[in-house]
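Right, one structure below, let's go through it.
The values are calculated or read from the model by the stated rules, or taken from the named source; none is laboratory data. Please read all numbers here as calculations on a predicted model, not as lab measurements. FYI the Cβ positions are ideal-geometry reconstructions off the backbone, even for glycines, and counts take in every protein chain you see.
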Amino acid sequence: MTTRGDPIPTGGVYRVTVTHDDVGSRVSLRRKVEAGVSDVVGELVSWQMGVLSVRRRDGKIIEVAEADLLAGKVVPPPPERPAR
């Protein structure tokens with residue numbers, strides 16, 4: 001398991017509680033990017049060789065380097081949309 005206690009600039013601490021066992025689960029990840037930080041939410045489809053692959057709701061696969069993770073957790077499925 002990866003756990004990190006990186007400080008948040010506005011106070012608090014980032015935590016990564018996602019593990020390899022969470023592949024197949026819906027996750028929310030916060031990662032370092034050139035412009036600051038960015039979030040990705042979706043199904044964790046793989047975690048291999050230090051790279052997490054997340055399938056977003058639009059089907060796009062986002063790869064996140066383990067070294068860039070600031071925070072991450074398993075989240076519940078999105079709410080059901082009402083039928084039209």
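Overview of values
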quantity: Among residues of the stretch 35-67, those that are surrounded by 15 or more Cβ atoms within 10 Å (Cβ to Cβ) and within 11 Å of His20 (Cα to Cα), counted; calculated: 4
quantity: Test: residue in the stretch 37-58 that is hydroxyl-bearing (Ser, Thr, Tyr), over 11 Å from Val75 (Cβ atoms) and not in a strand (DSSP E or B); calculated: no
quantity: Residue, farthest from the chain's Cα centre (by Cα), within the stretch 1-34, restricted to residues that are modelled with pLDDT of 90 or more and loosely packed, with under 15 Cβ neighbours inside 10 Å; calculated: Glu34
